[in-house]
Amino acid sequence: MQHPVKELLARDGPSFSFEFFPPKTDDGERLLWTAIRELEPLQPTFVDVTYGAGGGTRDRTLSVVKRIAAETSLTVVAHLTCVAATVEDLQATIADFADAGIRNVLALRGDMPGGPQATWEATRGGLAHADELVRLLHGEGDFCVGVAAFPEGHPESPDRETDAKYLAAKCAAGADFAITQFFFSAADYLELLDRVADLGCDVPVIPGVMPVTNVSQIQRMAAMSGAEFPQWLADRLQDVADDPQAVRAVGVEVAAALCEELLAGGAPGIHFYTLNRSTATREIYAQLKSVQR
Ligand SMILES: Cc1cc2nc3c(=O)[nH]c(=O)nc-3n(C[C@H](O)[C@H](O)[C@H](O)COP(=O)(O)OP(=O)(O)OC[C@H]3O[C@@H](n4cnc5c(N)ncnc54)[C@H](O)[C@@H]3O)c2cc1C
């Protein structure tokens with residue numbers, strides 16, 4: 001049974017949720033489904049499935065969300081981007097989501113096929129920004145719609161204040177909740193909450209947490225997304241760099257401490273970037289007394 005995420009978020013206690021990406025290979029598929037089956041018993045509030053960078057994995061996203069909805073007990077959020085799609089293309093994908101019983105969509109602009117560093121250009125006949133996709137989704141059916149948020153500011157934004165205004169504009173367009181990019185400083189997130197509250201946006205903004213289990217991978221992802229990889233964390237990980245177990249233990253400890261600080265500061269829950277693996281997420285979860293059911 002697929003529930004609107006906004007209703008699930010309105011329930012007592014913090015939410016927690018897990019993000020997956022659609023795999024490209026049979027081995028990747030097995031890894032994903034092992035992670036899903038190992039995380040399902042934790043009864044997350046929802047799980048979500050990304051939409052390929054460059055808009056290239058439409059069918060893979062659709063097939064994973066369909067299977068999660070049909071074969072598991074999980075409520076699933078399908079990501080959707082405006083990349084390389086006309087409004088008609090988007091309407092067709094949205095209709096496919098609706099036919100599969102999907103009720104929750106994360107509305108994103110996405111990045112150019114060249115990556116986040118490439119200058120954004122809307123597709124002819126398509127949409128320029130996520131706020132337009134939020135409106136389109138509400139116009140196409142009874143969807144609960146989430147959007148992206150950036151505690152450090154989106155890399156294209158001139159400053160965090162401007163960025164918060166555009167998040168508030170997505171709320172005004174009808175966003176029901178937001179999920180943030182990963183970050184490592186609770187203060188950045190809590191300041192974003194204050195900024196958007198001042199702008200009259202009161203939707204739940206769920207912080208995204210990335211467990212660090214592999215230093216070079218996270219540094220690469222941080223560089224790609226424009227997120228800051230803090231020196232103190234790099235130094236702590238560098239001290240144990242030749243011991244993968246110790247790197248993982250530091251990553252889990254740091255992420256668990258961040259989660260506790262976020263929840264104590266008023267975060268509505270925690271969103272875990274799982275990278276299609278369950279172990280680090282389960283280890284962090286086990287350390288979080290406040291979210292356990
Ligand atoms: C939780 C999360 C999940 C993600 N999932 C995916 C995914 O599945 N697939 C994928 O390809 N990418 C994904 N991304 C990356 C995202 O697509 C990129 O960061 C993209 O550059 C911005 O998307 P957005 O939806 O925030 O865009 P927008 O909200 O459109 O913002 C993009 C930039 O334009 C500004 N802006 C916003 N609205 C307006 C407006 N109306 N007029 C002028 N400027 C405006 C913003 O401040 C920002 O600088 C995800 C990001 C997050 C945080």
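The values are calculated or read from the model by the stated rules, or taken from the named source; none is laboratory data. The model shown is predicted, which means the values in this text are computed figures rather than measured ones. Note: ideal-geometry Cβ built from the backbone for every residue, glycine included; neighbour counts use all protein chains shown. Accessible surface areas use protein heavy atoms only, side chains included; no ligands, DNA or RNA. Shrake-Rupley method; radii C 1.70, N 1.55, O 1.52, S 1.80 Å.
Within the stretch 228-241, residues that are more than 17 Å from Glu152 (Cα to Cα) reach partners that are open to solvent by less than 100 Å² (accessible area, probe 1.4 Å) and in a helix (DSSP H, G or I) with beta carbons closer than 6 Å, at six or more positions or on different chains, in the pairs Arg236/Val250; Leu237/Val215; Leu237/Val247; Leu237/Val250; Val240/Ala246; Val240/Val247. Cβ separations smaller than 8 Å between residues 6+ apart or across chains give the following pairs from the stretch 124-136 residues that are farther than 12 Å from Ala175 by Cβ to residues that are assigned to a loop (DSSP other than H, G, I, E, B) and open to solvent by 30 Å² or more (accessible area, probe 1.4 Å): Arg124/Thr86; Gly125/Thr86; Gly126/Ala84; Gly126/Thr86; Ala128/Ala122. For the condition without any contact (Cβ under 8 Å) to a residue 40 or more places away in the chain and within 12 Å of the ligand (Cβ to nearest atom), Arg109 qualifies. Looking at this structure, is Pro4 within 29 Å of His129 (Cβ to Cβ), more than 13 Å from the ligand (Cβ to nearest atom) and either basic (Lys, Arg) or surrounded by fewer than 20 Cβ atoms within 10 Å (Cβ to Cβ) (or both)? When the stated conditions are applied, Pro4 passes them.
Within the stretch 86-114, how many residues are open to solvent by 30 Å² or more (accessible area, probe 1.4 Å) and under 24 Å from Phe150 (Cβ atoms)? Number satisfying all stated conditions: 5.
One residue alone among Val47, Val64, Val83 is buried (at least 18 other Cβ atoms within 10 Å of the Cβ) and farther than 25 Å from Cys171 by Cβ, and that residue is Val64. Looking across the stretch 160-200, the residues that are away from the ligand (no atom under 13 Å from the Cβ) and under 21 Å from Leu80 (Cβ atoms) come down to Gly174, Asp176. For the stretch 28-80, how many residues are of a type in the set (S, T, N, Q) and either over 17 Å from the mean Cα position of the chain (by Cα) or not in a loop (DSSP other than H, G, I, E, B) (or both)? Residues in the stretch 28-80 being of a type in the set (S, T, N, Q) and either over 17 Å from the mean Cα position of the chain (by Cα) or not in a loop (DSSP other than H, G, I, E, B) (or both): 6 in total.
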